[in-house]
1. Name every residue in the stretch 50-89 that is closer than 19 Å to G266 by Cα, of a type outside the set (G, A, S) and within 17 Å of the chain's Cα centre (by Cα), in order of residue number.
2. Out of the residues in the stretch 34-73 that are assigned to a helix (DSSP H, G or I) and among the β-branched types (V, I, T), state the one that is nearest to A84 (Cα to Cα).
3. Among the residues of the stretch 68-102, write down those that are in contact (Cβ under 8 Å) with a residue 24 or more places away in the chain and of a type in the set (F, W, Y).
4. Quick check on my filter: what residues within the stretch 62-91 are in contact with a helix residue (DSSP H, G or I) (Cβ under 8 Å, 6 or more places away or on another chain) and charged (D, E, K, R)?
5. Testing Q251 on (1) more than 29 Å from G30 (Cβ to Cβ); (2) surrounded by 15 or more Cβ atoms within 10 Å (Cβ to Cβ); (3) at pLDDT 95 or above, one condition comes back false. Which one is that?
6. I want to confirm something. Restricting to the stretch 132-179 and keeping residues that are outside any helix (DSSP H, G or I) and aliphatic (A, V, I, L, M), which single residue is farthest from A106 (Cα to Cα)?
7. Select from the stretch 74-95 the residues that are more than 21 Å from G133 (Cβ to Cβ) and part of a helix (DSSP H, G or I) and list them in ascending order.
8. Working carefully through the options Y171, Y145, Y128, find the one that is under 18 Å from I202 (Cβ atoms), hydroxyl-bearing (S, T, Y) and modelled with pLDDT of 95 or more.
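The values are calculated or read from the model by the stated rules, or taken from the named source; none is laboratory data. Just so you know, these numbers come straight off a predicted model, no measurement behind them. Every residue, glycine as well, gets a Cβ built from its backbone with ideal geometry; the counts of neighbours run over all protein chains shown.
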Amino acid sequence: MKSRSCRWLIVSALVITASGAWAQCNPVSGAQNIATLKQQAIHGKAAAQCSLGVMYEFGKGVPQDYAQAATWYRKAAEQGDADAQDSLGGLYYVGDGVSQDYAEAALWYRKAAEQGDADAQKNLGDLYSDGSGVSQDHAQAATWYRQAATWYRNAAERGDAFAQRMLGDFYGSGKGVPQDSTQAALWYRKAADQGNARAQSILGHLYSDGDGVPQDFTQSVFWYRKAAEQGDDFAQFHLGYLYDKGRSVPQDYAEAYFWLDLAAAGTSREIAAEERDEVASHLTPADLSREQERARKWFEAHQAKP
């Protein structure tokens, strides 16, 4: 199981900042609001087009449809919307709704980065660091990372939870700032205390490993649960794994199945589904049916929220 857990961490890390629009292009809920947003998008309002792209990318209020997300992001991006440009770059980077194309990802990231979009600056730095879609150039990567880190720090110090989480990422990886696990944990904690689910999830992982904080499995479970209850699939996977193995919590296959079933709808479906199906072999048909129904109700309740 260790190898599966490690693979999950790697895949999750790759998609954490694949799309930057989530923080700026706001989805709406309710049939009337969605209809109004669509009309605004059809009539060319870039902010509405970007918001509709977010909704289609993440399946918020509409069926998830990456091709539609790409269409609406492109319309907004061509009008100069930096959030949409960054998000369209993200779709090209992972190949969702469009053919994977690192050069196209770099093109759209650059357009947003040159407008000062910190997410895009970070993403463009990653491409220069890896040599994906651009010639590998560590000096260029460092330049973009520093610009992004400056923006994130300014926003983080003003109390912005998303920026605090991103600054934690930068300290954890040493991008744009000296690598410092203690500083990473500090900024993750600030974001986590404000309810940022991804920061809570990462903080749970740091407590589990004793990375930047004293190792504390009770704290690890606490933060994983906080994030999992908000729908963070990384935390759901790890919480399910802990219940499966009886680590830091009493072994409970039913509870393990529930969290792994939720995680299996996330970014690394195969890994979570593989572990979930192994756990299912320990459940009676009645227990399995109950947990599947519990998961179904959880999805219904959370999909109804904006």
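1. Within the stretch 50-89, the subset closer than 19 Å to G266 by Cα is 53-67, 69, 87.
Applying the additional criterion that residues be of a type outside the set (G, A, S) yields 54-58, 60, 62-66.
Result: V54, M55, Y56, E57, F58, K60, Q64, Y66.
2. We begin by selecting, within the stretch 34-73, every residue assigned to a helix (DSSP H, G or I); these are 34-42, 46-58, 66-73.
If we keep only those that are among the β-branched types (V, I, T) as well, we get 34, 36, 42, 54, 71.
Working: I34: 18, T36: 19, I42: 16, V54: 9, T71: 10 Å.
Here the residue is V54.
3. Residues satisfying the conditions are W72, Y73, Y93, Y102.
4. Selection gives D65, R74, K75, D81, D83, D86.
5. Q251 satisfies all of (1) more than 29 Å from G30 (Cβ to Cβ); (2) surrounded by 15 or more Cβ atoms within 10 Å (Cβ to Cβ); (3) at pLDDT 95 or above except (2).
6. Taking the stretch 132-179 first, the residues outside any helix (DSSP H, G or I) are 132-137, 158-160, 174-179.
Restricting the remaining residues to those that are aliphatic (A, V, I, L, M) gives 134, 177.
On the way: V134: 7, V177: 23 Å.
The qualifying residue farthest from A106 (Cα to Cα) is V177.
7. Hits for the stretch 74-95 are K75, A76.
8. Being under 18 Å from I202 (Cβ atoms), hydroxyl-bearing (S, T, Y) and modelled with pLDDT of 95 or more holds for just one of Y171, Y145, Y128, which is Y171.
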